[in-house]
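**Student:** Submitted below is the structure of interest, expressed as structure tokens.
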Amino acid sequence: NGFGTLTVTAGKRKITVESSLRHATDVRIVNLAGITLSTFTIEPGETVETRINTSGVYMVESPDNMYTKKITVR
């Protein structure tokens with residue numbers, strides 16, 4: 001689409017979000033109960049690692065829902 005994207009990966013007890021977008025965007029990490037664990041603004045070219053204390057399934061999403069990814073942390 002020419003605007004870049006958010007790449008979301010899970011590591012051992014962490015979620016990594018990498019931005020190739022052309023603009024800053026807000027990102028929220030939510031558990032399946034709907035509780036927000038982390039919110040941050042990611043800048044173009046930036047990578048943000050978030051520690052996750054409990055393994056499980058999480059949603060990584062932007063407020064406009066343009067970027068939504070379900071990810072499992074072990």
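The values are calculated or read from the model by the stated rules, or taken from the named source; none is laboratory data. It should be emphasised that the depicted structure is a prediction, and the values quoted were computed from it without experimental measurement. Positions of Cβ are generated from backbone atoms using ideal geometry, with glycine treated the same way; all protein chains shown enter the neighbour counts. Side chains are part of the model used for accessible areas, which takes the heavy atoms of the whole protein and leaves out ligands, DNA and RNA. Shrake-Rupley method; radii C 1.70, N 1.55, O 1.52, S 1.80 Å.
**Student:** From the residues in the stretch 24-47 that are in contact with a Phe, Trp or Tyr (Cβ under 8 Å, 6 or more places away or on another chain) and open to solvent by 30 Å² or more (accessible area, probe 1.4 Å), which one is farthest from Ile71 (Cα to Cα)?
**Tutor:** Quick first cut of the stretch 24-47, residues in contact with a Phe, Trp or Tyr (Cβ under 8 Å, 6 or more places away or on another chain) only: 25-27, 29-32, 37.
Next cut, open to solvent by 30 Å² or more (accessible area, probe 1.4 Å) only: 26, 31-32, 37.
Working: Asp26: 18, Asn31: 10, Leu32: 11, Leu37: 14 Å.
Among them, the one singled out is Asp26.
**Student:** For a quick check of your reading of the model, give me the residue pairs whose first member lies in the stretch 45-74 and is touching a residue at least 24 places away in the same chain (Cβ under 8 Å), whose second is surrounded by 16 or more Cβ atoms within 10 Å (Cβ to Cβ) and part of a loop (DSSP other than H, G, I, E, B), with beta-carbon atoms closer than 9 Å and at least 6 apart or on different chains.
**Tutor:** Gly45/Leu21; Tyr58/Ile52; Val60/Tyr67; Glu61/Tyr67; Tyr67/Leu21; Val73/Ile52
**Student:** Among the numbered criteria (1) under 13 Å from the mean Cα position of the chain (by Cα); (2) at pLDDT 95 or above, which one does Gly56 miss?
**Tutor:** (1)
**Student:** Which of (1) surrounded by 13 or more Cβ atoms within 10 Å (Cβ to Cβ); (2) within 13 Å of the chain's Cα centre (by Cα); (3) in a loop (DSSP other than H, G, I, E, B) does Val17 not meet, given it meets every other one?
**Tutor:** (3)
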